[in-house]
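Coordinate-derived values only; no laboratory data. Just so it is clear, the structure is predicted and the values come from calculations on it, not from any experiment. Virtual Cβ from ideal backbone geometry, glycine too; neighbours counted across all protein chains shown.
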Protein chains: 2
Amino acid sequence: MMAEKKNKPTEAELDILTILWEQGPSSVRIVNVKLNKMRSVGYTTTLKQLQIMHEKGLVSRVNDGRTHIYTAERGKEETQKQLLDRLLEAAFGGSASKLVMQVLGNHKSSRKELEEIKKLIQKLEEDHS
Amino acid sequence: MMAEKKNKPTEAELDILTILWEQGPSSVRIVNVKLNKMRSVGYTTTLKQLQIMHEKGLVSRVNDGRTHIYTAERGKEETQKQLLDRLLEAAFGGSASKLVMQVLGNHKSSRKELEEIKKLIQKLEEDHS
DNA sequence: TTGCTTCTACGACGTTTGTCGTATATATTT
DNA sequence: AAATATATACGACAAACGTCGTAGAAGCAA
């Protein structure tokens with residue numbers, strides 16, 4: 001594998017990435033409007049944020065006339081994994097099961113979701129053999 | 001319930017909290033020595049860090065002669081829950097099961113750990129009835 | 001054409017984070 | 001007692017974060 005950039009998105013950046021994942025490639029304007037549905041933030045703030053994210057390589061952009069269209073460079077799952085790994089190490093001493101028990105114990109999940117998890121565990125146990 | 005302080009520990013603070021959880025009430029010296037086993041950091045840095053954490057209410061302290069003995073004010077589980085909740089909302093849209101599937105899929109767990117998780121799910125499903 | 005709107009670029013600024021250095025008081029050692 | 005070691009307190013500082021304001025180009029509307 002390659003030496004990868006360990007660009008961990010900040011909180012604010014994560015909000016923007018989430019919008020790009022949902023919305024697909026978007027202009028600053030669009031991102032800003034969506035962003036303002038969760039918290040109040042000026043247009044130039046969002047612009048600057050996206051510019052910095054572009055420098056960091058978190059997003060790419062193409063020109064559409066004079067406006068830029070931004071696209072999330074890293075997939076949702078990849079980013080989730082990165083953040084989760086960090087928390088796992090920092091707060092749970094690397095024990096995935098401790099983390100899982102915590103989150104399952106504290107948050108309601110539907111029966112269907114629990115079934116899915118059980119199924120996954122089943123498969124993992126088979127691989128274990 | 002009361003309006004609580006939402007003092008989320010930073011990365012560095014979390015390292016120190018982890019040490020206090022493991023070690024129990026400790027002096028700056030002890031924390032610093034343990035801390036240096038994971039990364040290089042000066043004594044006064046650790047001191048300052050603990051002083052700030054004290055201001056924030058993350059740790060309490062008592063005097064033992066002229067040295068201060070610091071104690072984690074918030075329990076391990078409580079802090080883990082706080083950090084986990086934050087990530088759950090920020091990166092997983094609040095879906096606990098998505099988070100669980102991610103972490104289980106990406107990190108090896110022993111058969112015993114998987115059993116424990118299954119047992120927990122069993123109990124959750126019973127409560128569901 | 002003259003103005004309003006909508007872009008990007010860029011600089012500035014207050015905060016937070018993490019890091020130390022220095023000053024000063026108190027023990028400990030020689 | 002003098003020198004050395006160890007504590008706390010406090011100030012400084014660079015880098016990262018998040019926030020905007022302003023400038024200037026490009027497009028649209030009167």
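For the protein assembly as shown, the dipole from Cβ point charges (+1 on Lys and Arg, -1 on Asp and Glu) about the Cα centre works out to 580 debye, to the nearest 20. Copy-to-copy label distances for residue B:89, where each label lies 7 Å from Cα along Cα-to-Cβ, are 2.6 nm in order of increasing length. Which of the three applies to the protein assembly as shown, rounded, prolate or oblate, going by the alpha-carbon gyration tensor with a ≥ b ≥ c and a/c under 1.5 meaning rounded? It comes out oblate by the Cα gyration axes. A DSSP coil position with no more than 15 other Cβ atoms inside 10 Å describes the following trypsin sites (Lys or Arg not before Pro) in the range A:1-86: A:5, A:6, A:37, A:39, A:66.
Counting only alpha carbon atoms, the long axis of helix B:43-56 and the longest principal axis of chain B meet at about 60°. Farthest towards the positive end of the charge dipole of chain A, among the residues A:57, A:31, A:7, is the Cα of A:31, using unit charges on the Cβ of Lys, Arg, Asp and Glu. Each copy carries residue B:76; placing its label point 7 Å along the C-beta direction from Cα gives inter-copy distances of 3.4 nm, listed from smallest up.
Within the listed set A:100, A:31, A:41, the residue fluctuating most in the Gaussian network model of chain A (springs between alpha-carbon atoms under 10 angstrom) is A:100. Under a Gaussian network description of chain B, with springs only between Cα atoms under 10 Å, the residue in B:36, B:106, B:63 that fluctuates furthest is B:106.
With label points set 7 Å from Cα along Cα→Cβ, the inter-copy distances at residue B:33 are 6.2 nm, sorted shortest first. With θ taken as phi - 60° and the Karplus curve 6.51 cos²θ - 1.76 cosθ + 1.60 applied, the whole-hertz 3J(HN,Hα) list for the range B:74-87 is 10, x, 4, 4, 4, 5, 4, 4, 4, 5, 5, 4, 4, 5 Hz, x standing for glycine and proline.
A simple charge model with +1 on the Cβ of Lys and Arg, -1 on the Cβ of Asp and Glu and nothing else charged puts the dipole of the range A:4-93 at about 300 debye relative to its Cα centre. Note on the range A:53-129 and the range B:23-91: Cα centroid distance 28 Å, given to the nearest whole angstrom.
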